[in-house]
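Every number here is computed from the coordinates shown, using simple stated rules; none is lab data. For clarity, every value in this text was computed on a predicted model and none was experimentally measured. Note: ideal-geometry Cβ built from the backbone for every residue, glycine included; neighbour counts use all protein chains shown.
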Amino acid sequence: MKIKPGMHVVILMGGIGSEREISLKSGQACSNALKENGFKVTELDFNSSIINKLISLKPDVCFNALHGHYGEDGNIQGLLNILKIPYTHSGVFTSAIAMHKIHFKKLITKVTENMINPICFPKTLEFKEGNFLSVKDYNGPYVIKPINGGSSVGVLIIKNNNEAPTKNKWPINNNLMAENLVGTRELTVTVLKERPLCVTEIETGKENDFYNYNAKYKNGRSFHQLPAKIPNLTSQKAMEWALNAHKIIGCNGISRSDFRYDPVDDELFMLEINTQPGMTKTSLAPEQAAFCKIDMIKMVKILIEEAKYEC
């Protein structure tokens, strides 16, 4: 959208899910950057009265800083479409597909299977019947995670079936999936306005088995190596996969794709795509943008320029 002087931007932040704290931090960081751009900014904590508040505020555009359920799964996007309020980030279909890890994996696998460089994922495993979350026809290490979720909330690595947890370890209504554990190195790529920025390798401390919630958002729990010290061909493949996935599901403005890399067999695996990547001080997307000479002020301006609603 065309930016005009004095535009009123409402930042949607907070929410009621497990990622509320991170959303508030992302929203505050974006709010500060938007004010630096000269926008009139209103910070709006998402709750059940959101419709009346938006109608009353009459924003020119909404900056979506919500994470997880309602903000990242297509719900708030559908509401903003109905109200005909332009908004940043991706639309309804894209958000819903990206949020559902199994649907996303199936779609991307099918679309790219006949390409020269098809996108590969870890194998989806089937749970056995019973009270324990053990898997069928597989005895190696595997990962259990929510089908719909982010910020690594509820993700657990299981070394073998003998260590399988009981189902009551997770909320009753939280649908889960399992995948074989692949690779030893964690990589990520941000795509900004259909430009893959770079590849970051995420190294975590000994107290973290993987890039979990604490490693992501607590200072000193992880180290980001950018650009990642991996073979050039692997780096190019990761950026190509990130851009292809971004385009295939129709991401708008920004996305961040996460990968696992096996340096022994030189194998790369995509894990998921995030349509609402974190924008906190320790977040990967702003860090990659800064590496490419795009500061936070310019980054949020780009996202506002890309804002729209779906007819």
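In debye, nearest 20, what is the charge dipole magnitude of the chain about its Cα centre with +1 on Lys and Arg Cβ and -1 on Asp and Glu Cβ, if you could check?
Using Cβ point charges on Lys, Arg, Asp and Glu, the chain gives about 720 debye.
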Item to check | GNM flexibility winner over the chain from Met115, Met279, Met296 (Cα, springs under 10 Å) | outcome: Met115
Checklist entry - So what's the gap between the Cα centers of segment 244-282 and segment 47-75, to the nearest angstrom? => result 25 Å
Checklist entry - Using Cα pairs under 8 angstrom and six or more residues apart, how large is the relative contact order of the chain, in percent? => result 21 percent
Checklist entry - Are any of the pairs Lys105/Lys301; Lys193/Lys229; Lys145/Lys169; Lys2/Lys53 more than 21 Å apart by Cα-Cα distance, and if so, which? => result Lys105/Lys301; Lys193/Lys229; Lys2/Lys53
Checklist entry - Can you give the angle from 0 to 90° between the axis of helix 296-305 and the longest principal axis of the chain, with both taken from C-alpha atoms, to the nearest 10? => result 80 degrees
Checklist entry - Under unit Cβ charges (Lys, Arg +1; Asp, Glu -1), what dipole magnitude, rounded to 20 debye, does segment 230-311 have relative to its Cα centre? => result 420 debye
Checklist outcome for this item: Among Met239, Thr280, Gly154, the residue whose Cα sits farthest towards the positive end of the charge dipole of the chain (+1 at Cβ of Lys and Arg, -1 at Cβ of Asp and Glu, taken about the Cα centre) is Thr280
Checklist outcome for this item: Violations at 24 Å Cα threshold for listed pairs Lys136/Lys167; Lys159/Lys281; Lys247/Lys281 -> Lys159/Lys281; Lys247/Lys281
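Could I get the Rg over Rh figure for segment 8-89? Both from C-alpha atoms, Rh via Kirkwood, rounded to two places.
Radius of gyration relative to Kirkwood radius: 0.93.
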Item to check | Pairs of alpha carbons in segment 256-311 whose separation is greater than 14 Å (percent) | outcome: 67 percent
